[in-house]
Amino acid sequence: MELRCWGGDWGLPSVHAECLVVLVYGRFSGAPLKVNVIDHSWSALRGSVPLLVSDDIVISQPAKILNFLRKQKYNADYELSAKEGADTLAYIALLEEKLQPALLHTFWVEADNYYTVTKPCFGSKIPFPLNWYLPGKMSREALNRILATKEGSPLCSLAEVEAQIYRDAKECLNLLSSRLGTLPFFFGNMPTTLDAFVFGFLAPLYKVEFPKVQLQDHLKQLPNLCRFCDDILRCYFRVNITGISPAGPDPIDANLQKLIQLVNKESNLIEKMDDNLRKSPQHPPRKLTTLKLSATGEGNSSVNRLSP
């Protein structure tokens, strides 16, 4: 399976929030994703990434990609109860309604941030003349998405809309911080879809160095959310103090992938022998074994991004 996505910067495997969601879910579930980052050979006219290609199947949008991976038995949620599954959907809806508009504004609408950080970063990853056209197109799409979330509201001016989306985002961050508490992940010791979405939305905001940092400053006042991002980067992407390690995959990771392939083959054989057998168990998500929590939370350190 090939995943096409935006590349990384600021110690992140990708600067694109939705690409990060899929990348980290792949690590959680053990899905064998071959990552193909956008570079100067890219010729598409639309920023329709992340994009998953499997044989003749092409899938875009994080939710659809994650559903496809689950059907392939790469399921990070297989231990969740029905209530926890419902909570996952509710929190993801909250993220998209309350936090994403402010993230889009921070990265793509706020002029200082866009011209000094977002446009140069994304423009440097795509060929001429797309690097002159595509960032502006993505900026306009971001503004349209923000305004669409406030359709029918009594807010009259763009300034009022901006004030409201930042209030909503800060409330959402506070709620996430309260829900996480001192846990390593939102449902305990194992990462799930919700952790992938929260990480994808928070890590770019946390790591990028913006001139206008209103929302970033608020996030950095919530040390457990910062610790959450740092721990995932360190344990699932092997980030050191200078960024992503240039080394290849761990031997343990390679062995895990081989084991997953064997389990897949075994599961297929069992299902063919008896259609009445229960479905074979999903691949367990990769447990974070080296995590140590401090009483106060670690996390005011470090360096961060999002696009529509």
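Miscellaneous remarks
- Distance (nanometres) between label positions extended 7 Å along Cα→Cβ at Arg145 and Leu175: 1.9 nm
- Rolling a 1.4 angstrom probe over the protein heavy atoms with all chains in place gives the range 124-235 an accessible area of 41 Å² per residue.
- Per residue, the convex hull spanned by the Cα atoms of the range 63-199 amounts to 155 cubic angstrom.
- Heavy-atom accessible area per residue - the range 25-113, 1.4 Å, Å²: 48 Å²
- Part-to-part distance (alpha-carbon centres) for the range 106-122 and the range 46-72, which is given in Å: 27 Å
The values are calculated or read from the model by the stated rules, or taken from the named source; none is laboratory data. What you are looking at is a predicted structure, and each value in this text was computed from that prediction instead of being measured. Cβ atoms come from the backbone with ideal geometry, glycine included; neighbour counts cover every protein chain shown. We work out accessible area using only protein heavy atoms, side chains counted, and drop any ligands, DNA or RNA first. Shrake-Rupley method; radii C 1.70, N 1.55, O 1.52, S 1.80 Å.
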